[in-house]
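Written below as structure tokens is the structure these notes are about.
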Amino acid sequence: MTNVEAEPSAVRSDALPASGIRTYIILWISQWLACAAVSFTVFVINVNIFVDFSAVWVVALAYAVLFVPFPILSPFAGAFVDRYGQRPALLISNIGTLVNLSILAYVMLTGSGGVFYAVCAVGISTILRTLQLAAIESVVPLLVPKRHYGRANGPRMLLTGTFVLAGPLLAYLLSSVFASSTIVIAECVLVVIAIVVVFRIQIPVVEKPSGDAVTQSLGRDVVDAYRTLRARNGLLTMVGFLAIVSGVLGALEVAASGTVLGFADDSGAIAVSTSCWLGMVVASILMVVWGVPRRLVMGGLLGAGLVFAAALVAASVRPNLILLCVGGFIAMGSLAVVIATFQTVMHLKVEQRFLGRAVGLKNAAVTLSHIVGDVGTLVLGISIFANSGKDSGGGVWGWRQGHGWDDVDSPFLEVIIGDGPGRGWALFMMLIGLGVGAVVAYLRYRKPALLRVEDDLPDVTPVDLQSRSTEDLAPVGVTEPTPGGRSA
């Protein structure tokens, strides 16, 4: 146990409300509904930029409008949350979403606009989500007791992951019964519910330290938050690890589809997606009941990360649908543990006055990495697997460009990944898993600061800061057990 000098009680907030946990649950569900509305819209309007646009530069522009604003604006959204509070951020996000969806519904009903407006509508929703996520992720310490942080963060991945995996299927089922405009109008109702909830709930207000510069720019606020993370050894390393995992997830969106569709039809792809979604749901439920692992870094971050890597390798060894379903279930379940653990550490070790910006920086890093993984893997697939059967002039282990879609000619590769269409993607997925395992091993043995995050850094939740005086020396985390079930 390390004794550290307690920081001045620079951040003051009201005591946790007696109904804080209930308030957080209601708030989370309402924002889940708002997130569902935006996510369903992406699939209901049926915009495929690679099909609807022919020119490469137009595809690139549409992709940029859809995805690039999020990593650019997330740090500034976090700065806004820290400066003005969670409630204004959520209201701006939800009301803006309602207006955006209402205009989209009008465009659909009147037949005006077109695919370009649909892309812009989704892009606007992406921008508004930066405020929503920064607010909902930073509100936990204001409503939930510290011993329940792990439980509160358990469902975090469901806030976005549910609709990435289950959204296409649910949108398809709804579209087969209702018109797209009707679904968008129903989504507006969901957003109205979220707005009403935000107006009615009580969120404690964080008073800013007297020394804080209230006139400095949001950009300066972001720089201050980055310096705060850098000064706390191990936290930036955690952000980097999460960004790597997010990039892997982006690559898997392409590689896993190629692997499944190499030997199965669309129903097989639906089965794998459903298994991945169930893995997230089951893991989230278990964490809500029991919390995150006792050792946050070793168990929840690196341990679950290693399980994620092993599941990817196991799912790629043979063209077997059951193997892929089980591997996807375990991989996405372990990924939910990684994300919940990361969120818990951030809530414990980052002061509330910096938390929105820290969340924004994290969201920017993981989203940018996800985009790079997604686009990079797509370009890789086009360059390697598009010309099926054409000899590339030898290569390592008899590699040919046709390995993505046709058969495996190399006996060595056949032993590792099996034979049949799509096994080139399976090899790529296996290499991704091995890479994640290597990163976990490197962090375990070469980054001691990361392993000591729980013990070396003091807990700086609002309650911890209130309980300290400027003169006292206090052991790290003596006020309350950590979410892992032990004293920090």
Residue by residue through segment 332-357, note down the ones that are in contact (Cβ under 8 Å) with a residue 60 or more places away in the chain, part of a helix (DSSP H, G or I) and among the aliphatic types (A, V, I, L, M).
-> M332, L335, A336, V338, I339, A340, V345, M346, L348, L355
Segment 123-137 - residue that is aliphatic (A, V, I, L, M) and open to solvent by less than 20 Å² (accessible area, probe 1.4 Å) and, of those, nearest to Q86 (Cα to Cα) = A135
Segment 284-324, subset free of Cβ contacts under 8 Å to residues at least 60 places away in the same chain and under 19 Å from the mean Cα position of the chain (by Cα), residue nearest to A336 (Cα to Cα) | A304
Filtering segment 413-443 down to residues that are charged (D, E, K, R) and at pLDDT 95 or above yields none
Among residues belonging to segment 306-324 that are assigned to a helix (DSSP H, G or I) and of a type in the set (V, I, T), point out the one that is least open to solvent (accessible area, probe 1.4 Å).
-> V313
Can you tell me which residue within segment 172-195, out of those that are over 15 Å from S39 (Cβ atoms), without any contact (Cβ under 8 Å) to a residue 60 or more places away in the chain and in a helix (DSSP H, G or I), is most open to solvent (accessible area, probe 1.4 Å)?
-> V189
Looking at segment 206-293, what helices (runs of 4 or more DSSP H) fall wholly within it and have at least 1 residues that are within 21 Å of L368 (Cβ to Cβ) and among the aromatic types (F, W, Y)?
-> 218-231, 235-261
Contacts under 8 angstrom Cβ, first residue in segment 61-84 being under 17 Å from V119 (Cβ atoms) and without any contact (Cβ under 8 Å) to a residue 60 or more places away in the chain, partner small (G, A, S) and open to solvent by less than 20 Å² (accessible area, probe 1.4 Å), 6 or more apart = V65/G123
Could you list all residues from segment 148-184 that are at pLDDT 90 or above and in contact with a Leu (Cβ under 9 Å, 6 or more places away or on another chain)?
-> Y149, G150, A152, G154
For segment 428-459, name all the residues that are among the acidic types (D, E) and either touching a strand residue (DSSP E or B) at 6+ places or on another chain (Cβ under 7 Å) or crowded, with 19+ Cβ neighbours inside 10 Å (or both).
-> E454, D459
With respect to the numbered conditions (1) at pLDDT 70 or above; (2) in a loop (DSSP other than H, G, I, E, B); (3) closer than 30 Å to V119 by Cα, which one is the sole condition not fulfilled by W28?
-> (2)
Identify, from the list G327, G303, the residue that is at pLDDT 95 or above, within 19 Å of L286 (Cα to Cα) and surrounded by fewer than 24 Cβ atoms within 10 Å (Cβ to Cβ).
-> G303
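A quick yes/no check of all residues on (1) in contact with a helix residue (DSSP H, G or I) (Cβ under 6 Å, 6 or more places away or on another chain); (2) within 14 Å of T126 (Cα to Cα); (3) open to solvent by 10 Å² or more (accessible area, probe 1.4 Å):
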{"position": "F70", "(1), (2), (3)": "yes, yes, yes"}
{"position": "G85", "(1), (2), (3)": "no, no, yes"}
{"position": "P88", "(1), (2), (3)": "no, no, yes"}
{"position": "L91", "(1), (2), (3)": "yes, no, yes"}
{"position": "G96", "(1), (2), (3)": "yes, yes, yes"}
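The values are calculated or read from the model by the stated rules, or taken from the named source; none is laboratory data. Please read these numbers as outputs of a predicted model, since none were measured by experiment. FYI the Cβ positions are ideal-geometry reconstructions off the backbone, even for glycines, and counts take in every protein chain you see. Just so you know, the surface numbers come from the protein's heavy atoms only, side chains and all, with ligands and any DNA or RNA stripped out. Shrake-Rupley method; radii C 1.70, N 1.55, O 1.52, S 1.80 Å.
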